[in-house]
Amino acid sequence: PEIFEPLHQVIVQKALPIDLLDNLLKAFEQDVKATAEGRRYSDLPALLQYCELSANPVGRLLLHLYGVHDMASLAQSDAICSALQLINFWQDLSEDIPRGRYYLPQDLAQHQPPALLIQTLCQQAGQLMASGAPLVHKIPGRAGWELRLVIQGGLRVLEKVQKLGPQAFHKRPTLRAWDIPVMFWRCLWM
């Protein structure tokens, strides 16, 4: 159909890796099936495998556009994207669970009280983000600063989830206007 022609032109013009686009489609399909079947992720590695399809290709596509292809940068990008995906999951617990979307690693959810579970999940996502954060120094100009802001935005949401603790199952934390100066300040020190 005509709708795919512009996408095809961009893929050809930018020489975008098709496997990354394919992974995004696989993630969408996996998510739809998992939700329909009420499937849950057994542990964090299983959830991170989903992130490899759903989040990591986005970062790798952006790196491709900036001509960054070294393995260390790709790994850092994957860490950032997976961390952002996890943070989004933890931010949306109060909305996803009632809709039958379960992203909590079951090995943790079944054996930890809610307060400890939220603490553990936030700690894991924060560590993952920290491992990828040095990538900001490899991305040139404005894009590097935008990446800093994305990272700080994710970390700020993570702080809010952590502060809510078990209330994150009932209330969705959001960024507010007063969070922006904090995020900008932290960007300067990355």
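Observations on the structure shown:
- On inspection, A36 passes the criterion of being hydrophobic (A, V, I, L, M, F, W, C), loosely packed, with under 14 Cβ neighbours inside 10 Å and within 28 Å of L117 (Cβ to Cβ).
- Residue count for region 139-158 under the criterion of being open to solvent by 50 Å² or more (accessible area, probe 1.4 Å), within 15 Å of the chain's Cα centre (by Cα) and without any contact (Cβ under 8 Å) to a residue 60 or more places away in the chain: the result is 1.
- Note on region 168-182: residues that are touching a residue at least 12 places away in the same chain (Cβ under 8 Å) and either among the charged types (D, E, K, R) or surrounded by 10 or more Cβ atoms within 10 Å (Cβ to Cβ) (or both) total 9.
- Test: residue in region 123-138 that is more than 17 Å from N56 (Cα to Cα) and more than 15 Å from the chain's Cα centre (by Cα): yes
- Taking every residue in region 14-38 that is farther than 11 Å from A55 by Cα and pairing it with any residue that is charged (D, E, K, R), at least 6 positions away or on another chain, the pairs with Cβ-Cβ distances below 6 Å are T35/R101.
- Of the helices (runs of 4 or more DSSP H) entirely within region 19-110, those holding at least 1 residues that are within 15 Å of M129 (Cα to Cα) occupy 44-54, 56-65, 71-91.
- Residue within region 53-65 that is open to solvent by less than 20 Å² (accessible area, probe 1.4 Å) and either under 23 Å from V161 (Cα atoms) or more than 19 Å from the chain's Cα centre (by Cα) (or both) present: yes
- Figure legend. Inter-residue proximity from region 101-117: first residues at positive phi, second residues part of a loop (DSSP other than H, G, I, E, B) and charged (D, E, K, R), beta-carbon distance below 8 Å, spacing 6+ or different chains. No pairs are indicated.
- From the options F4, F28, residue that is of a type in the set (F, W, Y), within 25 Å of L65 (Cβ to Cβ) and more than 23 Å from the chain's Cα centre (by Cα): F4
- Here D22 fulfils each of the conditions (1) surrounded by 14 or more Cβ atoms within 10 Å (Cβ to Cβ); (2) more than 23 Å from P105 (Cβ to Cβ) apart from (1).
- Selected residue [within 20 Å of S42 (Cα to Cα), open to solvent by 60 Å² or more (accessible area, probe 1.4 Å) and hydrophobic (A, V, I, L, M, F, W, C)] from L108, L188, L93, L116: L116
The values are calculated or read from the model by the stated rules, or taken from the named source; none is laboratory data. The structure presented is a predicted model; accordingly, all values stated were derived computationally and were not measured. Here the Cβ is made from the backbone with ideal geometry for all residues, glycine too, and neighbour counts use every protein chain on show. We work out accessible area using only protein heavy atoms, side chains counted, and drop any ligands, DNA or RNA first. Shrake-Rupley method; radii C 1.70, N 1.55, O 1.52, S 1.80 Å.
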